[in-house]
Structures are given as structure tokens and as C-alpha cells.
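Novice: Below are the C-alpha cells for one structure; questions will follow.
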Amino acid sequence: MKILVIGGGGREHALAWRLAQSPKTTKIYLAPGNGGTAQDDRFENVPITDVHALCAWALAQKILLTVVGPEVPLAAGVVDVFRKQGLRIFGPTQAAAQLESSKAFSKAFMKRHNIPTAEFETFTDAAAAHAHIDQKGAPIVVKADGLAAGKGVVVAATLAEAHEAVDFILLDNALGVAHNAGADGAAVPRVVIEEFLQGEEASFIVMVDGKNVLPLATSQDHKRLLDGDQGPNTGGMGAYSPAPVVTPDVHARAMRDIILPTVRGMEKDGIPFTGFLYAGLMIDAQGRPKTLEFNCRMGDPETQPIMMRLKTDLVDVMMAATEPGPHGRLDQVELEWDRRTALGVVLAAQGYPMSPRKGDAITGVPAEVEDACVFHAGTVLQNGELVTAGGRVLCVTVLADNVRLAQQRAYEVVMGIRFDGMQYRRDIGHRAIKGSPA
């Protein structure tokens, strides 16, 4: 069967890689794909990003299943467009994707349905936002309402940082936020200001078919650019799975208090949710999770370790999730996981996250082996040469018997890869290692 994966990052490379393991797959297309998928005979890149043009292409090619990776086409309504033409596609509708595309919508939804999250206020007026920050003090969290490629959240340790973040979002748009429309259809800059939550973060990702919920393996991302969780927030510098912080008790609480009320709440509001639902959790010292944010797609780089561990045929899972009718049949699916730890280290371009440099030649990327795969993100083939083409360039992902061994194995692979200005964290997995026996 022919499958289309929409997107061109590391997440999409990992999804396509896992789908390609299925004997049911005859051809996998990526739109637009990247330099790594261009080099792989299992894949074919399709240089189309417009959702209507992509739908017409999928119809002509008789694509049987489409999987959406990134948030931008979801917010643009790609699922609605494909479904209208009778095409099978996994992802949320444009209305349901507001859980991610609008922080204001998401926070109001959580408040309405009693889903645990940080206290918050929403502002369009910079002066009012500044006054609120002065009243509340620091640390405090400032979030852009619209999509910002994972960089629209500023955890401000000082009042000065918080005020600067408000100006960046509301006045300068230095973060490149895709502002959401107001009542008149024009883009309106909005900022959500939240209380700072203490604890440890984890990524809790499930698949939803409109009614049934299938949890994926737990994972933990590393958002800060530098070792020791220092430096600016990024789209993610590495991840590992499973995440020890998500104990069986935390898992049960997350499902009971956050995931299931969200799926039921969306259904109650007349916006049934289908697709990947990602809850960014903050888990306090008592093991109580609160929702930092929702994403309506798999995380990147969490997808890479999760896909490395998945043993179940992903095509079967996706077909169950997209069964025609009021909802799918994910309640009939059981997932099997590799018992080993998977860990991914992101290699980023010089200047990332604010101004990544492009066009640097990449060398030393090893061939895929059973316990290690390098997933491409910001790469492109130029005259047969692999060069950087984005902020996060590669994700070196490995399997090993524990976090410590996975960390060692990943950095062994990293040592052989080169491009000018390459930056990466050297402590991916440090939280899990800190909590494990020596």
C-alpha cells in the first residue's frame, strides 16, 4: 500500500522509517521530506506543501493512508481537506488542532473542563501584560498564543526577561509567531502569562481515534539549548524513552485527570479529537501531574526514541485509528515495546535557536544498524552533497539496555559526525541517570 507522511523533520523521518518496516507497505512518500529521506530508496520526496495541491496529488496517486507530522498543516486544515475527498488521514481537524495552535483556546478549554494546569491570564495589550507581570513577580512563564515552532514559550527567571518576552511576542514578533485571527479575521498578537510550576517535565503522548485512547511509551524531552538545562528554550535538544519520572501512579493520574477528560471534553464541545495528542506534563514532588501545554502531533525529538522502541506494525495501528465511521478501533490494539532504553541526541546548526545557519556540509553520518539510526531533520541534498538546511539538523538515536549505556552509545555515534558550527548537549538522559543506581 502507498502511504504519505506529511512533513520534513526528524519526527516525520522516524514515522516513515517505522511505517517502512511493515510488509504491507509498498511505497512511502514524504511531503516535502529532507536530505536523509532523499538518500533512502524506501522513500520518495514530494515537493508539495500546499494542502489542496497535496490532496489532489494523493487522490491521483491512490494514497491509502496519510499521516500528518507537523502542526502547521494541521492548523491549516489538511485533515478536513483530505477527509472531504474520502481520503484516510490520521490527525486532528483544524478545529481540534486549536488545542495546540491557540494557547488561549487551550487554557480556556482546560479551565472549562477542570483539567489541572497552571493559573493564567491572556493579554492582547502590552501595557496590561507588563502590569500583570509586575504584580505577580518572577519566575513566571510567557507564552505566545500562536504557533512558534516550539520556541514560543519563555520561562522567565527575572522580571526583565518576562517583560522582554512580552515585547518580543506582542510588539516585535521576534519569535516568528503565527498569530491567530481575531473576530474580524485579522491576525491578533496575544500572550498567555502563567504561574511558574515546580517539578519535572515529561512528554505524555497518546493516539486518539475520536473516542478510544491508546497510550504510547513515555518519554522525556530536553528543551534547553545547553547542558544542565541552561540557555534558551528550543524545539528540543534530545529525548529518551521510557521516562522513569512517569511512574505507574503518575501514568494512571495523567490518564484519569488529563487525557481522558480532554478527549471527553472535546467530544462534548462538538470537536471530536483524532490523531496524536501530546500533553506536556509538569510532575510535582508528590507525583501530581499538571498540563503545561497540549500538542496535536507527536513530539520532536520524542518521536525518534519512541519509534525505535515500537515493535508493533505501525501500519496496522494507523489503519485501526482511521477506521471509517464515528470512531476507530484503537480499543482493539495492543502495542508491544522493546524493553531497552532508546535515547536521541539532536545535532543543531550554528546560531540555533534564534538564527540557524544553513548550507554547511555534513559528513560522517553512519549507515543504519540494528541499535542505531540517524534521523534527518534540517538537511537537504545539494548537487549530491548533504548540507544543513534548518536549526535542528540530525537526531542520533540508539537502543541500549539502560540509559547510561544508551547515552554512551549515542555519543560514540555523534563523535563521527561533522559539520561546521555543530552544537549539541552532552548530558541527554542526565535526569534518568541521576535517579538510577550507579
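Novice: Which residues, taken from the stretch 351-369, are open to solvent by less than 70 Å² (accessible area, probe 1.4 Å) and either closer than 15 Å to residue 10 by Cα or touching a residue at least 40 places away in the same chain (Cβ under 8 Å) (or both)?
Specialist: Within the stretch 351-369, 351, 352, 353, 360, 361, 362, 364, 365, 366 qualify.
Novice: Name every residue in the stretch 225-269 that is without any contact (Cβ under 8 Å) to a residue 24 or more places away in the chain, under 24 Å from residue 406 (Cα atoms) and of a type in the set (D, E, K, R), in order of residue number.
Specialist: Result: 229, single match.
Novice: So, of the residues in the stretch 1-28 that are touching a Lys or Arg at 6+ places or on another chain (Cβ under 7 Å) and free of Cβ contacts under 8 Å to residues at least 40 places away in the same chain, which turns out to be least open to solvent (accessible area, probe 1.4 Å)?
Specialist: Out of the qualifying residues, it is 28.
Novice: Here's something else I'd like to know. Among the residues of the stretch 403-419, is there at least one that is in a strand (DSSP E or B) and either under 21 Å from the mean Cα position of the chain (by Cα) or aromatic (Phe, Trp, Tyr) (or both)?
Specialist: No, because not a single residue in the stretch 403-419 is in a strand (DSSP E or B) and either under 21 Å from the mean Cα position of the chain (by Cα) or aromatic (Phe, Trp, Tyr) (or both).
Novice: A further question on this structure: Name the one entry in 400, 389, 372 that is within 20 Å of residue 44 (Cα to Cα) and either surrounded by 24 or more Cβ atoms within 10 Å (Cβ to Cβ) or touching a Lys or Arg at 6+ places or on another chain (Cβ under 8 Å) (or both).
Specialist: 389
Novice: Is it the case, given these coordinates, that residue 426 is touching a residue at least 24 places away in the same chain (Cβ under 8 Å), more than 24 Å from the chain's Cα centre (by Cα) and open to solvent by 30 Å² or more (accessible area, probe 1.4 Å)?
Specialist: no
Novice: Same structure again: Given (1) at pLDDT below 95; (2) open to solvent by 60 Å² or more (accessible area, probe 1.4 Å); (3) out of contact with any strand residue (DSSP E or B) (no Cβ under 6 Å at 6 or more places or on another chain), where does residue 112 come up short, assuming only one miss?
Specialist: (1)
Novice: If I ask for residues that are touching a His at 6+ places or on another chain (Cβ under 9 Å) and on the phi > 0 side of the Ramachandran plot, which ones from the stretch 221-265 would you list?
Specialist: 228, 229, 236, 238
Novice: Also, quick follow-up: Identify the residue in the stretch 375-386 that is under 24 Å from the mean Cα position of the chain (by Cα) and open to solvent by less than 20 Å² (accessible area, probe 1.4 Å) and, among all such residues, is farthest from residue 239 (Cα to Cα).
Specialist: Applying the filter and picking the extreme gives 379.
Novice: Hey, another quick one. Can you tell me which residue within the stretch 186-220, out of those that are of a type in the set (Val, Ile, Thr) and under 24 Å from residue 104 (Cβ atoms), is farthest from the chain's Cα centre (by Cα)?
Specialist: It comes out as 188.
Novice: Would you check if there is a residue in the stretch 80-94 being touching a helix residue (DSSP H, G or I) at 6+ places or on another chain (Cβ under 9 Å), at positive phi and free of Cβ contacts under 8 Å to residues at least 24 places away in the same chain?
Specialist: Among the residues of the stretch 80-94, at least one is touching a helix residue (DSSP H, G or I) at 6+ places or on another chain (Cβ under 9 Å), at positive phi and free of Cβ contacts under 8 Å to residues at least 24 places away in the same chain, which makes the answer yes.
Novice: Just to be sure before I move on: is residue 359 assigned to a loop (DSSP other than H, G, I, E, B) and on the phi > 0 side of the Ramachandran plot in the structure I sent?
Specialist: Judged against the criteria, residue 359 is a match.
Novice: Could you list, ordered by first residue, the pairs with Cβ atoms under 6 Å in which the first is in the stretch 123-139 and over 13 Å from residue 165 (Cα atoms) and the second is open to solvent by 40 Å² or more (accessible area, probe 1.4 Å) and of a type in the set (Asp, Glu), at least 6 apart or interchain?
Specialist: Correct list of pairs: 132/121.
Novice: I'd like the residue in the stretch 210-261 that is in contact with a Lys or Arg (Cβ under 9 Å, 6 or more places away or on another chain) and β-branched (Val, Ile, Thr) and, out of all such residues, is farthest from residue 433 (Cα to Cα).
Specialist: 258
Novice: If I ask for residues that are of a type outside the set (A, V, I, L, M, F, W, C) and open to solvent by less than 20 Å² (accessible area, probe 1.4 Å), which ones from the stretch 233-273 would you list?
Specialist: Just the residues of the stretch 233-273 that are of a type outside the set (A, V, I, L, M, F, W, C), to begin with: 233-236, 238, 240-242, 244, 247-249, 251, 253, 256-257, 261-262, 264-265, 267-270, 272.
Across the stretch 233-273, the qualifying residues are 234, 235, 236, 238, 240, 241, 262, 265.
Novice: Which of (1) of a type in the set (Val, Ile, Thr); (2) in contact with a strand residue (DSSP E or B) (Cβ under 9 Å, 6 or more places away or on another chain); (3) farther than 27 Å from residue 94 by Cβ is the odd one out, the single condition residue 315 does not satisfy?
Specialist: Looking at each condition in turn, residue 315 falls short on (3).
Novice: Among the candidates 50, 41, single out the residue that is closer than 24 Å to residue 273 by Cα, among the acidic types (Asp, Glu) and open to solvent by 40 Å² or more (accessible area, probe 1.4 Å).
Specialist: Numbers: 41 fails: closer than 24 Å to residue 273 by Cα.
The unique qualifying residue is 50.
Novice: Quick one: which residue in 163, 179, 132 is over 21 Å from residue 237 (Cβ atoms), modelled with pLDDT under 85 and not polar (S, T, N, Q)? Steps first, please.
Specialist: Numbers: 163 fails: modelled with pLDDT under 85; 132 fails: modelled with pLDDT under 85.
Only one candidate qualifies: 179.
The values are calculated or read from the model by the stated rules, or taken from the named source; none is laboratory data. Note that this is a predicted model, so its numbers are computed, not measured. Quick reminder, even Gly has a Cβ in these numbers, built from the backbone with ideal geometry, and neighbours come from all protein chains shown. Side chains included, ligands, DNA and RNA excluded: accessible areas come from the protein's heavy atoms. Shrake-Rupley method; radii C 1.70, N 1.55, O 1.52, S 1.80 Å.
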